[in-house]
Each structure stands twice: as structure tokens, then as C-alpha cells.
């Protein structure tokens with residue numbers, strides 16, 4: 001990933017927050033057939049330090065768990081808010097006209113060593129934890145114990161776990177920090193007028209950015 005220093009985000013807690021808020025990662029692996037990409041919800045575990053572990057599961061019928069190269073680290077991409085930025089929002093437009101459009105975005109790239117897990121106890125515990133996380137905000141959360149035991153057992157036999165011990169976390173926060181403050185203020189004001197949650201999230205990111 002091309003990463004100018006002014007867009008680099010290195011704070012571990014910030015990178016982890018992005019993964020937690022946007023858990024659907026794009027798992028990119030290399031195999032005999034070339035590159036492969038799968039879109040999978042991941043659970044992040046801060047242990048072992050310093051970077052932690054990603055866990056997920058895929059359908060047993062998905063060949064990724066058998067065919068990924070052990071010689072090439074997999075990459076998981078977590079995409080945060082991303083949105084078009086019009087140069088009409090820049091104060092510089094009125095001053096010189098020397099402005100062009102761009103895209104703002106936030107992304108984390110996670111690399112590590114991956115293993116496949118077929119152990120049924122591990123899978124039950126993981127699926128239960130993942131379900132609890134996403135059901136926790138509901139008035140009547142669904143639990144795997146709500147379904148018949150034989151039904152759950154058959155579904156567990158149809159999946160395989162993935163565990164990635166992280167070796168690198170790379171963050172890129174392209175949030176207008178390369179623009180003068182007046183232009184940044186214009187971006188925030190323009191995004192605030194947009195009626196969608198992505199624009200509001202990016203407005204907060206532009207406004208909250210501080211040099212590391």
C-alpha cells in the first residue's frame with residue numbers, strides 16, 4: 001500500500017478500534033491458482049501482545065482453508081468510512097482555483113501467519129462468542145442454544161475456523177491532513193451538510209485528526 005508519512009496511523013489502539021467497528025475484513029491469500037479474496041467477519045483478540053490475533057470461520061466447502069500458501073502471509077483489509085471530497089469545499093478554490101477532487105478513506109491492513117482449525121469445541125466456543133457480540137445490542141438476543149443441538153452440530157461440521165497471529169498492522173487515515181486548515185474546515189462543513197452516516201463519520205475523522 002502506498003503510504004505517505006502524513007497519512008500513516010501507527011497507534012495500536014486506533015487501529016484496533018477500526019477493526020472492532022468494521023469487522024468485515026477482506027482476506028487476501030495466495031495459492032496455486034493465484035490471489036484469492038474472501039469477505040469474512042473477524043473477531044479481534046489483543047493477545048498475544050504486541051499485535052494480537054484475528055479469528056474467523058469459513059464454509060468447509062470454501063477451498064481457502066486448504067489452499068492458502070504457507071509461504072506467503074495472508075492480508076486482511078478492514079475498510080472504514082470512505083467518501084468523495086469535492087474541491088468546492090476548499091477555501092483554496094476561491095483563492096487560487098488550483099484544486100482537484102479526491103477521495104478520503106480509512107483502512108487497516110493486517111498481516112500474519114494463518115492456521116485452519118477443525119476442532120469442534122473451538123468452533124462452538126468461537127461461534128458462540130461471535131454471536132454474542134453481534135446480538136448483544138438486541139432486546140432479545142439470539143443464542144446458539146436457541147436452536148436444536150443436532151442442527152447446530154451439523155452446521156459446525158460444515159465450517160472451519162481460521163486464526164491469524166498478527167505480525168504487522170498498517171493504518172492509513174487519508175482525512176485531508178495534507179490540506180491547509182482552512183480547507184480542512186471547509187471539508188468538515190461540507191460533510192456535515194451531507195445526509196448520510198458515512199459523511200458524518202468522515203467529518204468526525206477529519207475534525208479529530210491530530211499529528212502523532
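Structure above, values below:
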{"read-out": "Within the chain, helix-based [θ] at 222 nm, where runs of 4 or more DSSP H residues each add -39,500 (n - 2.57), nearest 500", "value": "-9500 deg cm²/dmol"}
{"read-out": "Neighbour-count order for 119, 36, fewest beta carbons within 10 angstrom listed first", "value": "119, 36"}
{"read-out": "Per-peptide average of other Cβ atoms within 10 Å, ordering 76-89, 192-205 highest first", "value": "76-89, 192-205"}
{"read-out": "GNM top mover of 39, 57, 109 - the chain, alpha-carbon springs below 10 Å", "value": "39"}
{"read-out": "Acute angle (nearest 10 degrees) that the helix 181-192 long axis makes with the longest principal axis of the chain, alpha-carbon atoms", "value": "60"}
{"read-out": "Separation of alpha-carbon centers, the stretch 111-131 and the stretch 6-26, rounded to whole Å", "value": "22"}
{"read-out": "Likely footprinting exposure, 53, 72, 10, fewest C-beta neighbours within 10 Å first", "value": "10, 72, 53"}
{"read-out": "Residue order, fewest to most surrounding Cβ atoms within 10 angstrom, among 55, 124", "value": "124, 55"}
{"read-out": "Folded to 0 to 90 degrees: helix 12-21 orientation relative to the chain principal axis, Cα", "value": "70"}
{"read-out": "Average Cα contact separation per residue, the chain, under 8 Å, 6 or more apart, as relative contact order %", "value": "26"}
{"read-out": "Acute angle (nearest 10 degrees) that the helix 120-135 long axis makes with the longest principal axis of the chain, alpha-carbon atoms", "value": "40"}
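Bear in mind these aren't lab numbers, they're just calculated from the coordinates by the rules spelled out. Quick caveat, the model's predicted, so the values are computed rather than measured. Reconstructed Cβ throughout: ideal geometry from the backbone, glycine too, with neighbour counts over all protein chains shown.
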